[in-house]
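Student: This is the structure, below, for whatever I ask next.
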Amino acid sequence: MHKIFDYFQQITQIPHCSYDASKLKDFLIDFAKERGYKVQTDKTENILIKKGSPKLALQAHYDMVCVGDAPKIETFIEDGWMMAKNSTLGADNGMAIAMMMALMEEGRACEFLFTSDEEVGLIGASALEFKLESKQMLNLDSEDEAEVYIGCAGGVDIEAVKKYERIEKTGTFYELTISGLPGGHSGVEIHKDIPNAIKLFGAFLKDKNVQIASLEAGERINSIPTNLKAILFSHGELICEKNINIEKIEGTFQIVEDNEIIALINDFEHGVLSFNEALKVPDTSINLALVSLKEGILKIETSARAMDDKGLKLVEEKYQNFFESFGFKVKCEGKYPAWKPEINSFSKEVEKAMIEVFGNSEFRAIHAGLECAIISEKYPDMKFTSIGPNIRSPHSTHEKVEIASVAKIYQVVQKIVDGYET
């Protein structure tokens with residue numbers, strides 16, 4: 001078991017934030033070649049590693065969401081969980097990479113597919129160019145043990161931009177900062193009522209007469225925002241509240257006189273929009289992720305999700321209309337499809353292995369994007385299933401992975417691989 005965590009520890013010391021993971025790519029290529037595997041890469045820096053005549057593909061992405069001090073990662077263990085000091089841990093999806101490395105160390109005859117830039121729009125999966133031999137693919141990007149995932153949400157990023165007129169003002173201003181919020185994954189944790197720094201900002205200023213000079217909030221489009229900083233002019237005294245720090249500053253700033261920005265933030269319906277009772281997950285949701293006001297240009301970035309393509313279209317249209325009603329220019333990009341839940345022969349095999357290790361299992365769908373959705377469209381004759389160990393609060397500085405869970409999920413993976421090597 002130690003070798004998986006040894007490999008994972010190695011991975012944490014190799015920078016691999018989205019858009020900047022080439023060092024990890026080179027490391028994985030060298031690791032595979034040293035163990036006698038054939039390696040291919042494509043234009044978007046996906047990696048395909050294989051040996052023999054494989055019947056099973058294992059898949060993970062090799063980029064990570066970097067929040068806090070990441071890519072500088074210092075791990076520690078507490079109460080059976082591995083965490084990082086003031087940064088994302090990268091267990092999403094680094095623990096999957098470590099398990100696949102362990103399988104390569106064992107010389108397993110599989111296809112190992114490592115995709116690039118999953119966390120910023122499933123970019124690598126969308127541009128796969130490989131010819132895969134396998135007819136089954138096991139994705140290792142789920143985050144709950146003893147569960148077999150057979151479906152996922154689709155998503156789209158919605159960006160809105162508007163330029164405001166400004167006037168110059170000299171006097172006493174307020175620097176408002178929000179910090180210390182827990183953050184979390186904008187899909188799998190959107191139903192947990194995790195406080196959103198942008199919504200907290202709007203609620204605090206709702207009944208106050210203020211003008212905004214500058215505003216910067218959020219970390220990543222797929223993370224619930226934890227931090228915010230703004231410079232404001234106020235016609236009344238602003239007093240600190242929990243998680244909201246306020247300091248007076250003297251100076252001259254260009255301010256937006258219109259209070260519309262505060263109204264927009266308060267009117268924006270962040271979080272779960274509807275719930276899917278059959279799948280026991282949110283059906284549609286949206287995350288108010290990033291806001292910036294610089295030189296009078298307000299930019300808002302959101303991520304919408306839905307468990308089917310029809311629902312995603314409705315959410316997309318709803319928020320496009322919402323922003324346009326405030327006079328914004330809107331564009332939608334990074335759209336990816338939902339993976340329609342299906343129990344097939346491969347998912348039943350995975351469930352059997354899961355029951356042998358855990359004593360129980362159930363089929364689930366996840367309110368987040370899995371690359372199965374896109375890859376299944378490219379390889380329509382392939383069967384897909386997703387599993388993973390217990391990972392909590394991915395995309396935040398509170399991310400953690402349960403050590404015992406990794407050990408058991410690796411046993412499940414080994415059983416599945418055994419079944420396709422005989």
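Student: Can you confirm whether residue 180 is touching a strand residue (DSSP E or B) at 6+ places or on another chain (Cβ under 8 Å), assigned to a loop (DSSP other than H, G, I, E, B) and at pLDDT below 95?
Tutor: Here the answer is no, as residue 180 does not meet what is asked.
Student: Just wondering, is there one or more residues in the range 30-38 that are over 24 Å from residue 373 (Cα atoms), in a strand (DSSP E or B) and either within 16 Å of the chain's Cα centre (by Cα) or not charged (D, E, K, R) (or both)?
Tutor: Looking for residues that are over 24 Å from residue 373 (Cα atoms), in a strand (DSSP E or B) and either within 16 Å of the chain's Cα centre (by Cα) or not charged (D, E, K, R) (or both), one finds none in the range 30-38, hence no.
Student: I've got another one for you. With (1) buried (at least 18 other Cβ atoms within 10 Å of the Cβ); (2) free of Cβ contacts under 8 Å to residues at least 12 places away in the same chain; (3) not hydrophobic (A, V, I, L, M, F, W, C) as the list, and residue 349 as the residue in question, which single condition is left unmet?
Tutor: Going through (1) buried (at least 18 other Cβ atoms within 10 Å of the Cβ); (2) free of Cβ contacts under 8 Å to residues at least 12 places away in the same chain; (3) not hydrophobic (A, V, I, L, M, F, W, C) one by one, residue 349 breaks only (2).
Student: Right, something else. Residues 125, 98, 109, 102: which one is assigned to a loop (DSSP other than H, G, I, E, B) and either in contact (Cβ under 8 Å) with a residue 24 or more places away in the chain or closer than 19 Å to residue 8 by Cβ (or both)?
Tutor: Checking each option against the conditions leaves just 109.
Student: Taking the condition touching a residue at least 24 places away in the same chain (Cβ under 8 Å), more than 22 Å from residue 403 (Cα to Cα) and in contact with a His (Cβ under 9 Å, 6 or more places away or on another chain), does residue 48 pass?
Tutor: no
Student: Out of the residues in the range 214-237 that are assigned to a loop (DSSP other than H, G, I, E, B) and at pLDDT 95 or above, state the one that is surrounded by the fewest Cβ atoms within 10 Å (Cβ to Cβ).
Tutor: 227
Student: Right, here's the next one. Regarding the range 201-213, can at least one residue be identified that is assigned to a loop (DSSP other than H, G, I, E, B), surrounded by fewer than 22 Cβ atoms within 10 Å (Cβ to Cβ) and in contact with a strand residue (DSSP E or B) (Cβ under 8 Å, 6 or more places away or on another chain)?
Tutor: yes
Student: Identify all residues within the range 183-199 that are part of a helix (DSSP H, G or I) and either among the charged types (D, E, K, R) or at pLDDT below 95 (or both); write none if there are none.
Tutor: Within the range 183-199, 192, 199 meet the criteria.
Student: Could you count how many residues in the range 315-341 are loosely packed, with under 15 Cβ neighbours inside 10 Å and outside any strand (DSSP E or B)?
Tutor: Here the count works out to 5.
Student: Then there is this: In the set 175, 143, 159, 165, which member is touching a residue at least 12 places away in the same chain (Cβ under 8 Å), among the charged types (D, E, K, R), surrounded by fewer than 24 Cβ atoms within 10 Å (Cβ to Cβ) and in a loop (DSSP other than H, G, I, E, B)?
Tutor: On inspection, the qualifying residue turns out to be 165.
Student: Looking at 12, 75, 44, which one is closer than 19 Å to residue 130 by Cβ and surrounded by 15 or more Cβ atoms within 10 Å (Cβ to Cβ)?
Tutor: When all the criteria are applied, what remains is 44.
The values are calculated or read from the model by the stated rules, or taken from the named source; none is laboratory data. Not measured: the values here are computed from a predicted model. For neighbour counting, all protein chains shown are included, and Cβ atoms are generated from backbone atoms with ideal geometry for every residue, glycine included.
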